[in-house]
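Structure record follows, encoded as structure tokens.
Every number in this text was worked out from the coordinates using simple rules, so none of it is lab data. Quick caveat: nothing in here was measured; it's all calculated off a predicted structure. Neighbour counts are summed over all protein chains in view; Cβ atoms, including those assigned to glycine, are modelled from backbone coordinates with ideal geometry.
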Amino acid sequence: MRTIIEPFRIKSVEPLRHTTPEERGCYLEQAGYNLFLIEARNILIDLLTDSGTSAMSTEQWAAVMRGDESYAGSESFFRLKRVADELTGFRHMIPTHQGRAAERILFTVMCKPGHVVPSNTHFDTTRANIEFTGARAVDLPLPEAQDTQALLDFKGNLDVAAIESLIAAEGAAQIPLVMLTVTNNSGGGQPVSMANIEAVKRVCSRHGIPLYLDACRFAENAWFIRQREPGYQDWSPKRIAQKMFSLADGCTFSAKKDAFANIGGFLCSNDDRVAQQETNLLILTEGFPTYGGLAGRDLDAIAVGLEEILEPDYLQYRIASTGYLGRHIADHGVPIVEPPGGHAIYIDAARMLPHIPPRQFPGQALAVELYRHAGIRSVEIGSVMFGDAAQHELLRLAIPRRVYTQSHIDYVVEAILEVNARKEAIRGLEIVEEPPFLRHFSARFRPL
């Protein structure tokens, strides 16, 4: 059949609340035009993030009931460890309450002032946790990725020549690790090829630098490899993922993405000394090593999700559904990061709204207008989120896993096209209040 359907049935539903444009205008004003500060009950379609917003399966809910809440030595931990060990092959797996906790522990242990941590593109919390230690986060995407319209199979790749140059300039001793994000979230949800992971690994091994994966969306990346990279068409997504992990020395992982969980994550390493330091810090800040700040039921839900996420029927549907949204707006003149990514569609707000300069935050202005018009919440990925480090001015539409149906996506398409039809009327914003770190979460704006 040509029609790809959702590979699941709906068993429980949550009502959506409709609001008027006038009401949404009031909510925006009250929230300082920051969509993070709007109450969820006032959102119709929530595409702010795919993190922790998935619908869990019947098997995951059944696993929740099996959760062992023992403080130490929980069976839930060992069930997760067996699944994670088989998938990743790393010697040490340390549970954390979410991905950014894994990042904080990793960078606290491995980084110090003056260090440099390169990546294909660091995401917001990754960059913030690196810079909080006094180290410097450096993005090394492919030069071709600067063109949002360029059609590349693996646009998320790290520039291997650039990392060679960085090591030559900074010295290997100043680079405690290389971070490779799969898929490349800040770069438009674009995949990283197996060949690129192998090439980066060769460079790291030659200079004695550990390679870590930010593996939040490892399964979606594995599916793109299966679809696009020669030699992997007959491989299962799990086998591809296992090879990806085998090339790394460790990883951070948010189970709130490619494990369908509402909370949780883990940190992996092959280095005994580093893992012991990480465990010591975990005990100090997160909890005992067999729960890591999580309930036993959460550990069990993650264990089931790690297996479900690699099912081919699900991944085929997931990537096709995201691509459907991207193609239906792009083919009607809305500029997106091409080709469509795995977990989200990224509108090139700078290209769509050329009359709004970066200093007036075109991505945020577009997010505000899309919410005002249709009750859809999205997130800016540009100068608000990254400041001077911004590579693009994007609006991300992140699709929660197993949550919305085809008609919801059609509604999003219709809303975006209607906003695009009167885009010249959209005006920029200025920041009137902001915190020192991760300002996009709580900054307040004023329309210009």
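Report, for the range 58-308, the % of DSSP beta bridges that are antiparallel, rounded to 5.
Roughly 50 percent of the DSSP beta bridges within the range 58-308 come out antiparallel.
Could you compute the FRET efficiency for ARG91 and ASP331, with r as their C-beta to C-beta distance and R0 at 41 Å, rounded to 0.05? All intermediate terms of the calculation are to be shown ahead of the outcome.
Details: r = 48 Å, r/R0 = 1.17.
The formula returns an efficiency of 0.30 here.
Just need the relative contact order of the chain here, percent rounded to a whole number, with Cα pairs under 8 Å and 6+ apart.
24
Taking the beta-carbon count within 10 Å as an exposure proxy, list VAL379, VAL274 from fewest neighbours to most. Working shown, then result.
Numbers: VAL379 23, VAL274 20.
In order of increasing Cβ crowding within 10 Å: VAL274, VAL379.
Take the range 304-389, drop everything but the C-alpha atoms, weight them equally and run the Debye formula without solvent; then report log10 I(q)/I(0) at 0.14, 0.16, 0.21 Å⁻¹ to two decimals.
Those come out to -0.60, -0.74, -1.03, one per q.
Run the quick spin-label model on ALA195 and VAL432: label points 7 Å from Cα toward the beta carbon, then report their separation in nm to one decimal.
Here the answer is 5.3 nm between the modelled labels.
Quick one: check the C-alpha center-to-center distance for the range 347-391 versus the range 36-61, whole angstrom.
21
Calculate, in nm to one decimal, what ARG446 and ASN280 gain on full extension: separation in residues at 0.36 nm each, minus their alpha carbon distance.
The span from ARG446 to ASN280 would gain 55.3 nm if fully extended.
Counting helices only, and only those DSSP H runs with n ≥ 4, report the 222 nm mean residue ellipticity of the chain as the sum of -39,500 (n - 2.57) divided by its residues, in deg cm²/dmol to the nearest 500.
Calculated mean residue ellipticity at 222 nm is -12500 deg cm²/dmol.
ARG444: net charge of surrounding residues, Cβ under 9 Å, Lys/Arg +1, Asp/Glu -1, itself excluded? Let's see the in-between values first.
On the way: positive: ARG446; negative: GLU433, GLU434.
It works out to a net charge of -1.
Counting only Cα atoms, I'd like the Rg/Rh figure for the range 1-136, Kirkwood definition for Rh.
1.05
If you keep only loop residues by DSSP, which trypsin sites (Lys or Arg not before Pro) in the range 54-101 have at most 15 other Cβ atoms within 10 Å of their Cβ? Write down the numbers at each step before the final one.
Details: sites: ARG66, ARG79, LYS81, ARG82, ARG91, ARG100; in loops: ARG66, ARG91.
Sites meeting the loop and neighbour criteria: ARG66, ARG91.
Taking the Cβ of HIS332 as the centre, find all other residues whose Cβ is under 12 Å away and add up their charges (Lys, Arg: +1; Asp, Glu: -1).
Working: positive: ARG327; negative: ASP331, GLU414, GLU418.
In short, -2.
Let me test this: with uniform point scatterers at the alpha carbons of the range 58-308, what is the Debye-based log₁₀ I(q)/I(0) at q = 0.11 1/Å?
Those come out to -0.55, one per q.
Suppose R0 equals 35 Å; then what is the FRET efficiency for GLU59 and PHE36 from their Cβ-Cβ distance, rounded to the nearest 0.05?
Step by step, r from the Cβ atoms, then E = 0.65.
For Cα pairs less than 8 Å apart in space and 6+ apart in sequence, what is the mean separation divided by the residue count of the range 304-448, i.e. the relative contact order in percent? If you can, show how the numbers build up before the last one.
Details: 214 pairs, mean separation 32.4, N = 145.
Relative contact order for the range 304-448 comes out at 22 percent.
In nm, to one decimal, how far is the VAL403 label point from the ASP147 one, both placed 7 Å along Cα→Cβ?
Here the modelled spin labels are 3.5 nm apart.
List residues of the range 336-375, by number, whose backbone nitrogen lies under 19 Å from a label position 7 Å along Cα→C-beta of ASP410.
Hits in the range 336-375 for ASP410 at 19 Å: 374-375.
Measuring from label point to label point, each 7 Å out along Cα→Cβ, what is the GLU311 to ASP234 span in nm?
For the pair GLU311/ASP234, the computed spacing is 2.6 nm.
What whole number of Å gives the distance from the Cα centroid of the range 87-112 to the Cα centroid of the range 172-238?
Computed from Cα coordinates, the inter-centre distance equals 17 Å.
So what does log10 I(q)/I(0) come out to for the chain at q = 0.10, 0.11 Å⁻¹, using the Debye formula with one equal point on every Cα and no solvent?
Log-scaled intensity ratios, in q order: -0.70, -0.85.
Please go through the residue pairs LYS11/LYS243; LYS81/LYS201; LYS112/LYS257; LYS112/LYS256 and name each one whose alpha carbons sit more than 32 Å apart in this structure.
LYS11/LYS243
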